[in-house]
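The values are calculated or read from the model by the stated rules, or taken from the named source; none is laboratory data. This one's a predicted model, so the numbers in the text were calculated from it and none came from an experiment. Positions of Cβ are backbone-derived with ideal geometry, glycine not excepted, and every protein chain shown enters the neighbour counts. The area values use the complete protein model at the heavy-atom level, side chains included, leaving out ligands, DNA and RNA. Shrake-Rupley method; radii C 1.70, N 1.55, O 1.52, S 1.80 Å.
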Amino acid sequence: GPMSVYDDIKIERDRQDRKWGEQNHDDGTWSLILGEEVGEACEAALSALFGGGQTDALRDELVQIAAVATAWIECLDRRNDAPKEAP
C-alpha cells in the first residue's frame, strides 16, 4: 500500500542519522533545533496561505519536526537508560 506518514518520519530520521550521526544534545540545544524546524514550518504555511495553497513544503517541514521530536525522545531514552554514576 501507499507509504504512511510514519514511514516518511522514519525515512527522515534515517536521513538525519546519516547526515549528523547519533545526536545527544542537552534539552536547551534540542529546543533550539526543534524551534528552528517549527519556524520553517510556519514559513511554509505562510507561503501556502499567500502563495496559492500548495502544502507540499509544509508537509515536508512537519515531517522534519516529527523526526526531530523523535530524535529528541530517543536521546532522552538513551540518557535515562544510561548507567547511573555511583555516589
Give ALA41, ALA66 a once-over and let me know the one that is at pLDDT 95 or above, more than 18 Å from SER4 (Cα to Cα) and in contact with a helix residue (DSSP H, G or I) (Cβ under 8 Å, 6 or more places away or on another chain). ALA41
Starting from the range 52-79, take each residue that is touching a residue at least 40 places away in the same chain (Cβ under 8 Å) and closer than 19 Å to ASN24 by Cβ and list its partners that are assigned to a loop (DSSP other than H, G, I, E, B) and open to solvent by less than 60 Å² (accessible area, probe 1.4 Å), counting only C-beta distances under 7 angstrom and pairs at least six apart or across chains. ALA71/GLN23; CYS75/GLN23; CYS75/HIS25
Suppose we filter the range 52-87 for residues that are open to solvent by 60 Å² or more (accessible area, probe 1.4 Å) and outside any helix (DSSP H, G or I); how many remain? 8
Which residues, taken from the range 1-27, are open to solvent by 40 Å² or more (accessible area, probe 1.4 Å) and either in contact with a Leu (Cβ under 9 Å, 6 or more places away or on another chain) or of a type outside the set (D, E, K, R) (or both)? GLY1, PRO2, MET3, SER4, VAL5, TYR6, ILE11, TRP20, GLN23, ASN24, HIS25, ASP27
